[in-house]
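Before any comments, here is the structure.
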Amino acid sequence: HCPQPWAPDMSHSSAAPGGGVYSDTNGVPKAGGNVTHVEVGPGDVANRIISVGHPKRAALIAGSLDEGSIRFQHTSGRGFTTYTGTFQGVPVSIVSIGMGGPMMDFMVREIRHVTEGPMAVIRFGTCGGLREDVAVGTVAVATEGGVSALACEGPAARTVIALALTYFVHFVVSP
């Protein structure tokens, strides 16, 4: 079982779309066949995904997809913008998620729920830095990372709670 305080309190229910009740809010609710927050369904998203923060960056990258290949484009009510097309004939999706780990968690969990097979997700983004020897505009590439997670037993067996996520930058490419 999950050690406290991470064990979910199953004594409370949440209202589901259509007036029902979720019995386990750790699952990925679907409304009309689409996942709730990203608002995509089976076939809408490719297994190769580029994630960005800002929707304008998503649109910019989507402009590099093969001409006329965009077959799906949608902005959800929660601010996730998704483009799906091909790049050099390979299916790819670009998804803007806004900021932060929780938004990335929603995107990965929900898209995983409506895709089959292996997924590859790359995150392009910006960050601040504290090193004077690294100039503005420098490209930093994280080559290793570490995730600490706790998987629960019992009613929340499908839930994995991320406790820490750390990336280590091993080299930089100066502008």
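The values are calculated or read from the model by the stated rules, or taken from the named source; none is laboratory data. Computed from a predicted structure; not experimentally measured. Quick reminder, even Gly has a Cβ in these numbers, built from the backbone with ideal geometry, and neighbours come from all protein chains shown. Heavy atoms of the whole protein, side chains included, go into the accessibility calculation; ligands, DNA and RNA do not. Shrake-Rupley method; radii C 1.70, N 1.55, O 1.52, S 1.80 Å.
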Query raised in the report: If we only count strands (runs of 3 or more DSSP E) wholly inside the stretch 11-89, which ones have 3 or more residues that are at pLDDT 95 or above?
Result: 72-75, 81-87
Query raised in the report: Can you pull out the residues in the stretch 105-118 that are open to solvent by less than 50 Å² (accessible area, probe 1.4 Å) and under 11 Å from residue 49 (Cβ atoms)?
Result: 107, 111, 115
Query - Hits in the stretch 113-135 - residues which are in a loop (DSSP other than H, G, I, E, B) and farther than 18 Å from residue 90 by Cα - result: 124, 125, 126, 127, 128, 129, 130, 131, 132, 133, 134, 135
Report task. Being over 19 Å from residue 105 (Cβ atoms) and surrounded by 21 or more Cβ atoms within 10 Å (Cβ to Cβ) is the filter here, so list the residues in the stretch 45-64 that pass it. Result -> 46, 62
Report task. Inspect the stretch 60-76 for any residue being of a type outside the set (Gly, Ala, Ser) and within 11 Å of the chain's Cα centre (by Cα) and give the result as yes or no. Result -> no
